[in-house]
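The block underneath contains the structure these notes are about, expressed in structure tokens.
The values are calculated or read from the model by the stated rules, or taken from the named source; none is laboratory data. All values derive from a computational prediction rather than experimental measurement. When we count neighbours, we look across all protein chains shown, and the Cβ atoms used for this are built from the backbone with ideal geometry, even at glycine. When the accessible area is computed, the model is the full protein with side chains, heavy atoms only, and any ligands, DNA or RNA have been set aside. Shrake-Rupley method; radii C 1.70, N 1.55, O 1.52, S 1.80 Å.
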Amino acid sequence: MDIVCGVAVPVGPHIVRITAPNPGVMTGPGTNSYVIGDRELVVIDPGPDIESHVNALRTAVGDRLKWIVCTHTHLDHSPAAGALAEATGARIAGRAAPQDGRQDAGFAPARLLDDGDTVTVADVTLRAVHTPGHASNHLCYLLEQQKILFTGDHVMQGSTVVISPPDGDMQAYFASLERLLTLDLAAFAPGHGRIIEKPHDEARRLIAHRLKREQKVADALARRSPATIDELVPLAYDDVSERLYPVARRSLHGHLIKLAREGRAVEQGERWKTA
Ligand SMILES: [Zn+2]
């Protein structure tokens with residue numbers, strides 16, 4: 001069944017998903033907001049500041065909302081936090097927005113979260129897991145009682161995570177995928193798409209997928225070196241539609257920076273060459 005925006009869908013015990021009306025290439029069916037708890041509630045990722053979406057969240061939470069937590073501050077995840085906090089009296093938690101021009105600059109958390117910090121309401125404990133890569137301030141949240149990890153944009157279902165340097169960091173992204181294998185998990189609840197069962201299998205699949213892409217980037221560089229990013233995109237992403245090239249070039253840049261740090265590529269002005 002397709003994900004329908006604006007509808008409160010139970011996806012687990014005391015977990016409701018409401019998808020925002022912002023579908024697209026980067027957002028799949030739209031951004032998932034999750035409402036967690038029973039007597040007291042937490043919202044993870046209130047999403048874009050779209051009136052109908054904020055109203056759907058307000059209806060779902062009534063007067064029980066205590067915390068609004070954000071996985072990161074991209075414009076499809078955190079901007080509704082302010083409006084929802086104002087309407088409900090809930091407090092906002094997350095990490096401050098980096099300054100790369102792609103962030104919700106108005107994000108104003110009352111509480112700054114570090115790796116391992118917990119947000120607790122009645123019967124619910126969410127533990128922050130710092131997972132830089134897609135964004136430097138990215139947090140996943142582990143619902144400890146159910147071992148469900150809310151992955152924001154660290155792991156998505158149905159679309160590929162984009163790594164946009166400089167705030168996006170491919171090397172950190174690999175490390176943060178590996179980190180998932182160290183957590184005791186029952187499922188991923190992604191920021192886009194549906195619940196993912198067998199989370200460790202999925203994390204391994206994603207690592208393998210990225211390694212394969214990295215190899216394609218290295219091979220493309222070996223064939224064309226020295227080359228601009230735009231010259232490398234059609235070679236390294238020959239399996240994706242051309243309309244995705246503008247997005248692919250950002251992740252390709254991320255791969256090149258990682259290869260350079262590993263001594264496998266060198267940046268020379270606008271061009272990249274093999275080391
Ligand atoms: Zn994002």
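Data table
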{"read-out": "0 to 90° range, to nearest 10: angle between helix 170-180 axis and the chain longest Cα axis", "value": "50 degrees"}
{"read-out": "J(HN,Hα) series, the stretch 107-123, from Karplus relation 6.51 cos²θ - 1.76 cosθ + 1.60, nearest Hz, glycine and proline x", "value": "5, 10, x, 6, 10, 9, 9, 9, 3, x, 5, 10, 10, 10, 10, 3, 6"}
{"read-out": "Global geometry of the stretch 49-122, whether rounded, prolate or oblate, following the gyration tensor of its Cα atoms and the 1.5 cut on a/c", "value": "oblate"}
{"read-out": "Close Lys-Lys pairs in the chain, where close means Cα under 24 Å and separation is 8 or more or interchain", "value": "8"}
{"read-out": "Most fluctuating residue given options A187, A222, A60, as computed from a GNM of the chain linking Cα atoms under 10 Å", "value": "A222"}
{"read-out": "Surface accessible to a 1.4 Å probe, D38 within the full protein complex, Å²", "value": "70 Å²"}
{"read-out": "Rounded, prolate or oblate (a/c below 1.5 giving rounded, otherwise prolate when a/b exceeds b/c) for the stretch 1-155 by Cα gyration tensor", "value": "rounded"}
{"read-out": "Over the stretch 127-194, relative contact order from alpha-carbon pairs under 8 Å, at least 6 apart, %", "value": "40 percent"}
{"read-out": "Rg and Dmax of the chain, Cα atoms only, in Å", "value": "19.0, 61"}
{"read-out": "Cα shape, the stretch 86-205, gyration tensor, a/c 1.5 rule", "value": "oblate"}
{"read-out": "Calculated [θ] (222 nm, deg cm²/dmol) that DSSP helices of n ≥ 4 give over the chain, each run adding -39,500 (n - 2.57)", "value": "-9500 deg cm²/dmol"}
{"read-out": "Sorted peptide list for 235-242, 190-197, criterion being average Cβ within 10 angstrom, highest first", "value": "190-197, 235-242"}
{"read-out": "Cα-centred dipole magnitude for the chain, charges only on beta-carbon of K, R (+1) and D, E (-1), debye, nearest 20", "value": "520 debye"}
{"read-out": "Selection from V119, P109, L181, by position along the positive dipole direction of the stretch 107-220 (Cβ)", "value": "L181"}
{"read-out": "For T59, solvent-accessible area (1.4 Å; no DNA, RNA or ligand), Å²", "value": "120 Å²"}
{"read-out": "Largest-first ordering by accessible area, 1.4 Å probe, given options H253, H134", "value": "H253, H134"}
{"read-out": "C-alpha long axis of helix 245-261 to longest principal axis of the chain, angle in °", "value": "70 degrees"}
{"read-out": "Estimated inter-spin distance, R223 and K147, nm [label 7 Å along Cα→Cβ]", "value": "4.4 nm"}
{"read-out": "Average Cα contact separation per residue, the chain, under 8 Å, 6 or more apart, as relative contact order %", "value": "12 percent"}
{"read-out": "Nearest 10 degrees, 0 to 90: helix 51-61 Cα axis against the chain principal axis", "value": "50 degrees"}
{"read-out": "Simple spin-label estimate for K198 and S241 in nanometres, 7 Å along Cα-Cβ", "value": "2.8 nm"}
{"read-out": "Distance-filtered residues of the stretch 218-251 - backbone nitrogen under 14 Å, label point 7 angstrom along T274 Cα→Cβ", "value": "218-227"}
{"read-out": "Solvent accessible area, Å² - K198, 1.4 Å probe, full protein context", "value": "140 Å²"}
